[in-house]
Amino acid sequence: MLLVGMLDSPYVRRAAITGTLLEVPFEHRSVSVFRHMDEFRAINPLIKAPSLVTDDGTVISESLLIIQHFEDVAGRSLRPLEPVARRRDLSLTGIGIVAADKAVAIEYERKRPEAQRYAPWQERIVEQLHTALGLLDAAAADGALTAGPELLPSDIAAAVAWGFCRFVIPAFVPEDRWPALAAQAQACEALDVFKAWPIDRE
């Protein structure tokens, strides 16, 4: 299998970390949806990162579906089986994905010419990001988000989202505002599986 996309994408990185933890064999190709559009289009005409090319040539888009395929191949999931813990993990994973989504939206807005920016929209997505980070910080403070010993999807989603925020929009996310989340993410980044998939623009 081939996972395609840059590791400065929180979606590519989350899929890569999850696939590694599930012990699914795959290769990674760092292709930019901006700088290498023709190369990416040849792999997936949607030019969507991440994209996964399965062993039979099927192309899967969207990180959640790629992770689902990894789980199918592995025959297991990183999610807890106990119903209450599983629902909590699903909820926190969703919040982590929202945080990443809003951080991406903020980064794209910053790239617009000043005259094309809409202040109410910018304020809204910043508020949504901060709300998501606040919820994740509270979960980390309560011990619902950790750095293992067995990582859950919510742990990965939160740490990857925080790392992306600090990488691309640090002015919007001061570390001292969400200290428990920052500590959880730092502990995750110290793990071998995170080190194997560092944030990278190359």
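Dipole magnitude for the chain: computed about the Cα centre from +1 point charges on Lys and Arg Cβ and -1 point charges on Asp and Glu Cβ, it is near 480 debye.
For segment 96-107, putting each phi into the Karplus relation 6.51 cos²θ - 1.76 cosθ + 1.60 with θ = phi - 60° gives couplings of x, 5, 4, 4, 5, 4, 6, 5, 4, 4, 5, 4 Hz, in residue order, rounded to whole numbers and with x for Gly and Pro. The string of couplings for segment 82-95 from the Karplus curve (6.51, -1.76, 1.60, θ = phi - 60°) is 5, x, 5, 5, 5, 5, 4, 5, 4, 4, 5, 4, x, 5 Hz, one whole number per residue in order, with x for Gly and Pro. Take segment 108-185 with all the other protein chains still there, run a 1.4 Å probe, and you get 52 Å² of accessible area per residue. Rolling a 1.4 angstrom probe over the protein heavy atoms with all chains in place gives segment 4-97 an accessible area of 51 Å² per residue. By definition, a body whose alpha carbon gyration tensor gives a ≥ b ≥ c is oblate when a/c is 1.5 or more and a/b is not larger than b/c, and the chain fits this oblate description. Each residue of segment 64-80 was assigned a 3J(HN,Hα) from its phi angle through the Karplus curve 6.51 cos²θ - 1.76 cosθ + 1.60 (θ = phi - 60°); the sequence is 4, 6, 5, 5, 4, 5, 4, 5, 4, 5, 6, x, 7, 10, 7, 6, x Hz, with glycine and proline shown as x. Relative contact order of the chain: 25 percent, from C-alpha pairs under 8 Å at least 6 residues apart in sequence. Note on the chain: with a GNM built from Cα contacts shorter than 10 Å, the maximum mean-square fluctuation among Ile156, Ile66, Ile47 falls on Ile47.
Which percent of the accessible heavy-atom area of the chain goes to carbon and sulfur, probe 1.4 angstrom? Of all accessible area on the chain, carbon and sulfur atoms account for 54 percent. Farthest toward the positive end of the dipole of segment 135-197, out of Val193, Ala183, Phe172, is the Cα of Phe172, where the dipole comes from beta carbon charges about the Cα centre. Around the Cα centre of segment 88-202, unit charges on the Cβ atoms of Lys, Arg, Asp and Glu (plus for the first two, minus for the last two) sum to a dipole of about 400 debye. Kirkwood analysis of segment 138-198, using all unique Cα-Cα pairs, places the hydrodynamic radius at 11.6 Å.
Its Cα gyration tensor gives segment 49-88 an equivalent ellipsoid; the semi-axes, largest first and in whole Å, are 25, 12, 5. Please name which of Ala158, Ala141, Ile125 has its Cα lying farthest along the dipole of the chain towards the positive end, using unit charges on Cβ (Lys, Arg +1; Asp, Glu -1) and the Cα centre as origin. Value: Ile125.
The relative contact order of segment 28-135 comes to 15 percent, based on Cα pairs under 8 Å that sit 6 or more residues apart.
The values are calculated or read from the model by the stated rules, or taken from the named source; none is laboratory data. Just so you know, these numbers come straight off a predicted model, no measurement behind them. So basically every Cβ, Gly included, is an ideal-geometry build from the backbone, and we count neighbours across all protein chains shown. Just the protein is used for accessible areas: all its heavy atoms, side chains included, with ligands, DNA and RNA removed. Shrake-Rupley method; radii C 1.70, N 1.55, O 1.52, S 1.80 Å.
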